[in-house]
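The values are calculated or read from the model by the stated rules, or taken from the named source; none is laboratory data. Given the structure is predicted, the values throughout are model-derived calculations rather than measurements. Cβ atoms come from the backbone with ideal geometry, glycine included; neighbour counts cover every protein chain shown. Heavy atoms of the whole protein, side chains included, go into the accessibility calculation; ligands, DNA and RNA do not. Shrake-Rupley method; radii C 1.70, N 1.55, O 1.52, S 1.80 Å.
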Amino acid sequence: MRRAERRGAGGSRPGSPLPEGRRSTESEVYDDGTNTFFWRAHTLTVLFILTCALGYVTLLEETPQDTAYNTKRGIVASILVFLCFGVTQAKDGPFSRPHPAYWRFWLCVSVVYELFLIFILFQTVQDGRQFLKYVDPRLGVPLPERDYGGNCLIYDPDNKTDPFHNVWDKLDGFVPAHFIGWYLKTLMIRDWWMCMIISVMFEFLEYSLEHQLPNFSECWWDHWIMDVLVCNGLGIYCGMKTLEWLSLKTYKWQGLWNIPTYKGKMKRIAFQFTPYSWVRFEWKPASSLRRWLAVCGIILVFLLAELNTFYLKFVLWLPPEHYLVLLRLVFFVNVGGVAMREIYDFMDDLKPHKKLGQQAWLAAAITATELLIVVKYDPHTLTLSLPFYISQCWTLGSVLVLTWTVWRFFLRDITLRYKETRRQKQQNDQGRAVGNGDGHPGTDEDLPGSGSAKEGAAEQGLLAGKGAASATS
C-alpha cells in the first residue's frame with residue numbers, strides 16, 4: 001500500500017462503518033502520517049551514486065585482459081544496474097515493511113531469476129550443466145543421491161553400542177529446515193487446513209516418486225512421524241499461533257522522533273520488521289466453483305514448486321548443501337508471501353476488470369519454467385511409469401475429488417433448487433386450502449356471494465333477452 005493510502009486506511013473507531021477500501025478481514029491501522037527521510041524514494045541519490053561508480057570503473061580502472069572475467073563482471077554490473085532501477089522505480093506491492101524498497105528488490109530478483117532460467121532452458125543439456133561452472137567451478141559433476149530408506153528399524157538390537165543409530169542418522173540439518181520452512185509457509189498461506197493438505201500430499205508424492213528420485217525413499221516413520229507430525233506439524237502449529245497474535249495485534253504507528261522514550265524508540269524499531277497491517281485469509285473453497293478451482297490450483301502449484309527443488313538438484317547436478325539451493329529457498333520465502341497475498345486479493349476482488357499481481361505472475365512463471373527445464377534435461381526419469389498400485393491410488397483419489405466437485409457444485413445445487421421449488425409449491429397449496437376452509441379470502445371464485453351474484457346477473461340477462469324478443473314480434 002502506498003503511503004497516502006496507508007494513512008487513509010486506518011483511524012476508524014471500533015463499531016464505526018468500515019472505511020472505504022478496507023475489508024472486514026483487514027485490521028484497523030492508526031498512523032500519524034510521519035514521512036521521514038527513511039520513506040523517501042531517493043531516486044536522484046541512487047542515480048548519482050550509480051553514475052559515479054560506473055565512471056570510476058570506466059576512467060580510473062584498467063580493464064583486465066581476461067575475457068571470462070570481463071564477461072562475468074559485465075553480467076554482474078548489468079544485473080546491479082537493473083536492480084537499482086527496479087528498487088527505485090518499480091511499482092509497490094501489497095507489503096510495506098520493513099520498507100517498500102525491500103519488496104521491490106525481490107521483485108527485480110524474480111525477473112533476473114526468470115531470465116536466467118529461460119537462458120538455461122534454451123541450452124543443450126550438457127552446455128546447461130557446464131554453464132554452472134561459471135558460477136561455481138565445483139559444479140557440473142554427477143552427484144550420487146543419498147538413500148534414506150535403507151535400514152528402517154527404530155530400535156536396532158544388533159547394534160549394541162547405539163541401537164537408535166537409525167534415528168540419529170536421520171537427524172541432519174534438514175530437520176530444522178523442515179520446521180522453519182513450514183513455519184514460514186503457514187505465514188504465507190494463513191490457513192491450517194491448506195497447510196496440512198499440502199504437507200500430507202507431499203509425503204504421498206514422495207511415496208509415489210521414489211522410483212524416480214532415490215532420495216524420496218524414506219522410512220515410514222521418517223515420512224509420518226518426523227516429517228508430518230514433528231517438523232511440519234510443529235512448524236504449522238507455531239505458525240498458526242503467530243497468525244493469531246498478528247490478527248489480534250494493535251497496529252498503531254508513530255514516527256520515531258515522535259516517541260519520547262528510548263524504550264519506545266527501540267520497540268518501534270523492532271516493530272518495523274512486523275507487518276504494517278494484517279489481512280486474515282478466508283479462502284472458502286466450498287463457497288463457489290471458481291474459488292474451489294483456485295484453491296486446488298494453489299495447492300498444485302505449491303506441490304510443484306516443492307518437487308522442483310528436488311528435481312532441479314537432480315538434473316542440474318547440484319549437491320543438496322550447495323549455496324545455490326539455499327539461495328533458491330530464501331528467494332521463494334521472500335516472494336511467496338507477496339505472491340499469496342496478491343492471489344488472495346485477486347480472488348477476493350469483486351471488480352470485473354482485474355489483473356493478477358506482478359509477483360504472483362512471476363512466481364507462477366518461474367515454477368512453470370523450472371518444470372520445463374526438468375522435462376527437457378531428463379525426460380527419461382520423468383517418464384518412468386508409476387507402479388501399478390500407486391497409479392490405482394492416484395486414480396481413485398482423482399475420481400473421488402472429481403465426484404465431490406460434481407456433486408457439490410452441480411448436483412447439489414440442482415437438488416436444492418428442486419427442493420426449494422417444491423417447498424414453495426406446497427406452501428402455496430396449503431395457503432389456498434386454508435383460505436377455502438376457514439373463511440379467509442382465497443380466489444375470486446371462493447369469495448362469499450360471488451356465486452349468487454353471478455346467478456342474478458345471468459337471470460337478468462335472460463329476462464332482458466325475452467323482453468327484446470317479444471318487442472320485436
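Among the conditions (1) over 20 Å from His211 (Cα atoms); (2) part of a helix (DSSP H, G or I), Ala286 misses just one, which is (2).
Contact map, the range 399-428: residues that are in contact (Cβ under 8 Å) with a residue 12 or more places away in the chain paired with residues that are part of a helix (DSSP H, G or I), Cβ distance under 6 Å, separation 6+ or inter-chain. Pairs shown: Phe409/Leu289.
Taking the range 212-229, which residues are hydrophobic (A, V, I, L, M, F, W, C) and surrounded by fewer than 16 Cβ atoms within 10 Å (Cβ to Cβ)? First the steps, then the outcome.
Our first condition is that a residue be hydrophobic (A, V, I, L, M, F, W, C); within the range 212-229, this holds for 213, 216, 219-221, 224-226, 228-229.
Selection gives Trp220, Trp224, Ile225, Leu229.
Number of residues in the range 74-99 that are touching a residue at least 40 places away in the same chain (Cβ under 8 Å), in a helix (DSSP H, G or I) and crowded, with 18+ Cβ neighbours inside 10 Å equals 1. Selection within the range 377-392: residues that are in contact (Cβ under 8 Å) with a residue 24 or more places away in the chain and in a helix (DSSP H, G or I). The member of this set that is nearest to Asp127 (Cα to Cα) is Tyr377.
Contact map, the range 285-314: residues that are over 18 Å from Phe216 (Cβ atoms) paired with residues that are part of a helix (DSSP H, G or I) and open to solvent by 40 Å² or more (accessible area, probe 1.4 Å), Cβ distance under 6 Å, separation 6+ or inter-chain. Pairs shown: Pro285/Trp292. Scanning the range 353-400 for residues that are under 17 Å from Phe116 (Cα atoms) and aromatic (Phe, Trp, Tyr) returns Trp361, Tyr377. Of all the residues in the range 234-260, those that are open to solvent by 20 Å² or more (accessible area, probe 1.4 Å) and assigned to a helix (DSSP H, G or I) number 13.
Residue-wise test of (1) of a type outside the set (A, V, I, L, M, F, W, C); (2) over 25 Å from Arg280 (Cα atoms).
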site	(1), (2)
Ile299	no, no
His322	yes, yes
Leu326	no, yes
Met347	no, no
Leu362	no, no
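One residue stands out among those in the range 195-211 that are more than 20 Å from the chain's Cα centre (by Cα) and open to solvent by 20 Å² or more (accessible area, probe 1.4 Å): the one that is farthest from Val279 (Cα to Cα), which is His211.
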